[in-house]
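Working notes, beginning with the structure itself.
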Amino acid sequence: MKDNTKHVIVIGGGFAGINLIKHLGKDKRFIITLVDRNNYHFFPPLIYQVAAAFIEPSNISYPFRRLFQEKPHIRFHMGELKRIDPRAREVETTTGTLSYDYLVLAMGTGTNYFGFENIAKFAVPMKTLDDAMNLRNHILLRMECAVRATDPAERDKALNIVIAGGGPTGVELAGILAEMGREIVAKEYPELTDFHAHLYLVNSAPVLLPPMSTKAQREAYTVLKKLGAKIVLNTKVVDYASGNVMLSSGEAIPTDTLIWTSGVVAVRVEGLPGDAVARGGRISVDAFNRVAHTESVFALGDQCVMTDDENYPEGHPQVAQVAIQQGKLLAKNLSRMADGKPMQPFMYRDKGTMAIISKYRAVADLPKGFLRGWIAWVSWLFVHIIPLISFRNKVVLATNWAWSFVTNDPTLRLILRPSKEQKQPSTEDSKQ
Ligand SMILES: Cc1cc2nc3c(=O)[nH]c(=O)nc-3n(C[C@H](O)[C@H](O)[C@H](O)COP(=O)(O)OP(=O)(O)OC[C@H]3O[C@@H](n4cnc5c(N)ncnc54)[C@H](O)[C@@H]3O)c2cc1C
């Protein structure tokens with residue numbers, strides 16, 4: 001590496017990491033290596049549509065190597081982070097050790113089961129594209145079981161779906177599964193016309209969509225009720241035992257399908273100074289996203305917590321816009337440092353919160369007011385198509401959506417299962 005170039009390692013190519021790379025990649029004074037456990041960037045807000053077989057995974061994902069085509073100063077290293085060594089300026093991954101001048105941690109969050117062991121073992125999480133495909137196959141297989149079942153109790157158990165968590169992911173998933181029951185299952189599985197009536201949405205709070213406005217909460221409740229979902233509020237899922245989801249009310253729901261959308265915890269990083277880790281495992285950063293007590297380690301997006309932004313003294317919400325805006329600003333700040341200029345502090349610009357609750361209905365809390373119904377749904381479409389990473393994804397997704405809405409017949413519901421457990425890439429010590 002030339003003397004005047006700096007090597008930046010970015011761990012995690014989600015919203016934060018990829019926006020940092022997109023902008024810093026224009027500054028040829030930096031060589032950038034992205035480390036990710038997957039070989040693709042994906043768009044988490046739409047994985048629930050993949051789970052419901054409404055769109056295909058390739059509509060919302062894009063390979064890193066294709067993204068970095070003909071950009072020799074941006075490299076990709078597939079592997080998982082094991083630990084960092086800020087003194088030696090090295091990171092150890094499952095596939096080798098790399099050294100850096102600047103390190104950026106942007107690994108987001110994982111699922112938090114709050115210590116419920118049986119739930120962790122049994123529940124299907126909804127964080128990654130793998131989770132979404134796993135859930136899609138699982139639901140399709142359960143439907144085949146329900147079709148064959150002769151015992152009504154066995155049939156109910158195969159059809160019952162319990163979604164734990166009434167935040168945006170739980171609400172969006174409940175909406176699309178209820179729609180799927182009414183529009184598609186009824187056509188392809190004539191034996192299962194009551195599919196939508198087996199959907200339970202359980203939330204510990206007294207409302208759905210707790211972070212949103214009262215209008216949004218009421219709209220979500222009314223629309224999901226009309227679609228036939230059973231909404232259980234003020235109640236927690238506390239266990240999974242003998243084929244039943246156990247609720248804090250004492251009720252037991254027999255089911256093979258518990259979907260856990262209830263909580264997240266920041267991805268843990270070994271090697272960080274102990275006092276750099278705050279509530280929820282989030283990494284404490286200053287106003288420039290620099291990790292507390294380090295010189296050249298930064299953390300972005302869901303994985304970090306910043307309390308210096310005066311409008312968010314408890315830290316920013318874990319949403320895409322925070323990650324995107326932090327990624328862009330850090331790119332600018334690294335270039336400013338290279339120019340000998342001071343870095344600029346981060347201030348979040350809130351563009352609003354949206355959730356889709358059924359086929360043509362959404363809710364949107366925007367800085368200038370509240371939208372619902374069709375108009376909110378159209379705004380949601382624009383907001384979710386624009387940030388997709390490639391032109392190809394935007395066109396394919398828009399076409400697929402248009403096709404699905406016209407025909408009421410989205411993707412082909414194939415049950416795809418790996419023939420055997422995939423092995424992880426072998427560990428090889430490839431120092432850079
Ligand atoms: C189902 C779902 C729906 C959502 N809907 C919305 C929405 O509608 N609007 C909204 O604003 N936000 C939404 N969010 C939240 C939003 O997706 C996050 O706030 C955002 O993705 C955070 O970006 P990030 O870059 O910090 O992390 P992520 O986007 O999570 O990216 C993390 C990256 O790190 C990689 N990684 C993780 N661990 C490792 C490791 N150990 N080693 C190497 N690589 C690793 C991952 O593969 C991934 O590429 C949703 C999230 C989910 C899960």
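The values are calculated or read from the model by the stated rules, or taken from the named source; none is laboratory data. Keep in mind the model is a prediction, meaning the values are calculated, not measured. Glycine also receives a Cβ, built like all others from the backbone with ideal geometry; neighbour counts cover every protein chain displayed. SASA here: full protein model, heavy atoms, side chains in, ligands and nucleic acids out. Shrake-Rupley method; radii C 1.70, N 1.55, O 1.52, S 1.80 Å.
A few points about this structure:
- Scanning residues 5 or more positions from Val264 or on other chains, those with amide H under 5 Å from its amide H are Asn112, with H placed 1.01 Å from N in the peptide plane.
- For a straight C-alpha distance cut-off of 19 angstrom, the aspartates and glutamates reachable from Lys187 (same-chain residues fewer than eight places away being disregarded) are Glu144, Glu179, Asp409.
- Using θ = phi - 60° and Karplus 6.51 cos²θ - 1.76 cosθ + 1.60, couplings along the range 117-128 (whole Hz; Gly, Pro as x): 5, 5, 5, 4, 6, 9, 5, 9, x, 9, 10, 10
- Helical contribution to [θ] at 222 nm, DSSP H n ≥ 4, -39,500 (n - 2.57), averaged over the chain, rounded to 500: -9000 deg cm²/dmol
- Residues of the range 1-141: accessible area per residue with a 1.4 Å probe, Å²: 42 Å²
- Using alpha-carbon coordinates, inclination of helix 320-338 to the longest axis of the chain, degrees: 10 degrees
- A convex hull fitted to the Cα coordinates of the range 200-243 yields 66 cubic angstrom per residue.
- Rounded to the nearest 10 degrees, the angle from helix 129-148 to the longest Cα principal axis of the chain is 10 degrees.
- Whole-percent carbon and sulfur share, accessible surface of the chain, 1.4 Å: 52 percent
- Most positive-pole-ward Cα, Pro210, Ile11, Ile74, against dipole of the chain from beta carbon charges: Ile74
- Placing unit charges on each Cβ (+1 for Lys and Arg, -1 for Asp and Glu) gives the range 107-241 a dipole about its Cα centre, and among Ile163, Met143, Thr193 the Cα reaching farthest toward its positive end belongs to Ile163.
- Shape class for the range 131-261, computed from the alpha carbon gyration tensor (a ≥ b ≥ c): oblate, with a/c not under 1.5 and a/b at or below b/c.
- Cβ charges +1 (Lys, Arg) and -1 (Asp, Glu), total dipole of the range 49-113, debye: 100 debye
- Amide H contacts under 5 Å for Val104: Ile9, Val10, Ile11, Phe298, restricted to partners 5 or more places along the chain or on a different chain, H placed in the peptide plane at 1.01 Å from N.
- Eligible lysines near Lys368 by straight Cα distance, threshold 22 Å, same-chain separation 8 or greater: Lys215, Lys351
- Local net charge near Thr307, Cβ-Cβ under 11 Å (Lys/Arg +1, Asp/Glu -1): -3
- Each peptide among 246-256, 134-144 gets the average number of other Cβ atoms lying within 10 Å of its residues, and from highest to lowest they stand as 134-144, 246-256.
- Beta bridges per DSSP, both residues in the chain: antiparallel share near 50 percent.
- Å² per residue, accessible surface of the range 207-251 at 1.4 Å: 50 Å²
- Shape category assigned to the chain from the gyration tensor of Cα positions, a/c cut at 1.5: prolate
- The charge dipole of the chain, taken about the Cα centre with unit charges on the Cβ atoms of Lys, Arg (+1) and Asp, Glu (-1), comes to about 1140 debye, rounded to the nearest 20.
- Among Gly115, Pro86, Tyr100 the positive-end extreme of the charge dipole of the range 85-151 (Cβ point charges): Gly115
- For the range 214-222, backbone phi angles converted through the Karplus equation (6.51, -1.76, 1.60; θ = phi - 60°) give residue-by-residue couplings of 4, 4, 5, 4, 5, 4, 4, 4, 5 Hz, Gly and Pro being listed as x.
- Partners of Lys121 within straight-line reach, counting lysines whose Cα lies under 22 Å from its Cα and excluding those fewer than 8 residues away in the same chain: Lys157, Lys236, Lys420, Lys423.
- Gyration tensor verdict on the range 31-136 (Cα atoms; rounded if a/c is under 1.5, prolate if a/b is larger than b/c, oblate otherwise): oblate
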